[in-house]
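Data first, discussion second: the structure below is written as structure tokens.
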Amino acid sequence: MIVEPPDRATVIGAIMPDVLSMRLEIADDEVGFARVVCDAGGTCVGMLVAKELFGRVGARTRPLVEEGSVIGPDQTVAEVGGPLAAIRAAAPVALTWLQRLSAVASGARPQPGDALEAWAARLSAPGAVGHDGPSFRVEFEGSSCC
């Protein structure tokens, strides 16, 4: 089954309030690398949203799983590189979106009229209904954060 992802304008419209509320530590220009890691398994949806969020603050994201993939604990689902201050600022918002959309794909009820949650629901894995969904964390080069 092929499920078309939402267009970029839909994604940007949904995340823009979150982007505008982020506070970057502009004095920190250190560049580095981080991984987005799954804490609890389920169906992973929202990588395109996380990629857009990180991109909006100047970080690059390389998804390692496809939208709708079943993932397990301690699985790395994406790599993020760029200014560490930008990654730190965007990480909580990106993780919230990943968890929200993954929860819907794992069986949580989508909000009526929410285009991104409706898309996530269509990517639901068989047998995942009733699951709270995966959770995620960001690990920065050798340490754990967010």
**Fill in**
Taking segment 28-60 and the residues there that are part of a strand (DSSP E or B) and open to solvent by 20 Å² or more (accessible area, probe 1.4 Å), the one that is modelled with the lowest pLDDT would be 40
**Request:** Scan segment 61-85 for residues that are in contact (Cβ under 8 Å) with a residue 60 or more places away in the chain, closer than 17 Å to residue 11 by Cβ and either open to solvent by less than 40 Å² (accessible area, probe 1.4 Å) or of a type in the set (Val, Ile, Thr) (or both) and jot them down.
**Result:** 68
**Prompt:** Given the conditions (1) out of contact with any strand residue (DSSP E or B) (no Cβ under 6 Å at 6 or more places or on another chain); (2) at pLDDT 85 or above; (3) under 17 Å from residue 101 (Cβ atoms), which single one is not true for residue 3?
**Reply:** (2)
**Scope segment 91-107; condition more than 9 Å from the chain's Cα centre (by Cα) and surrounded by fewer than 23 Cβ atoms within 10 Å (Cβ to Cβ); matching residues** = 92, 107
**Message:** Take the conditions under 14 Å from residue 94 (Cα atoms) and either touching a Phe, Trp or Tyr at 6+ places or on another chain (Cβ under 6 Å) or open to solvent by 70 Å² or more (accessible area, probe 1.4 Å) (or both) and apply them to residue 19. Does it pass?
**Reply:** no
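The values are calculated or read from the model by the stated rules, or taken from the named source; none is laboratory data. The structure displayed is predicted, hence computed values, not measured ones. Every residue, glycine among them, receives a Cβ derived from its backbone with ideal geometry; neighbour counts consider all protein chains shown. Please note that ligands, DNA and RNA were not included when accessible areas were found on the heavy atoms of the full protein model with its side chains. Shrake-Rupley method; radii C 1.70, N 1.55, O 1.52, S 1.80 Å.
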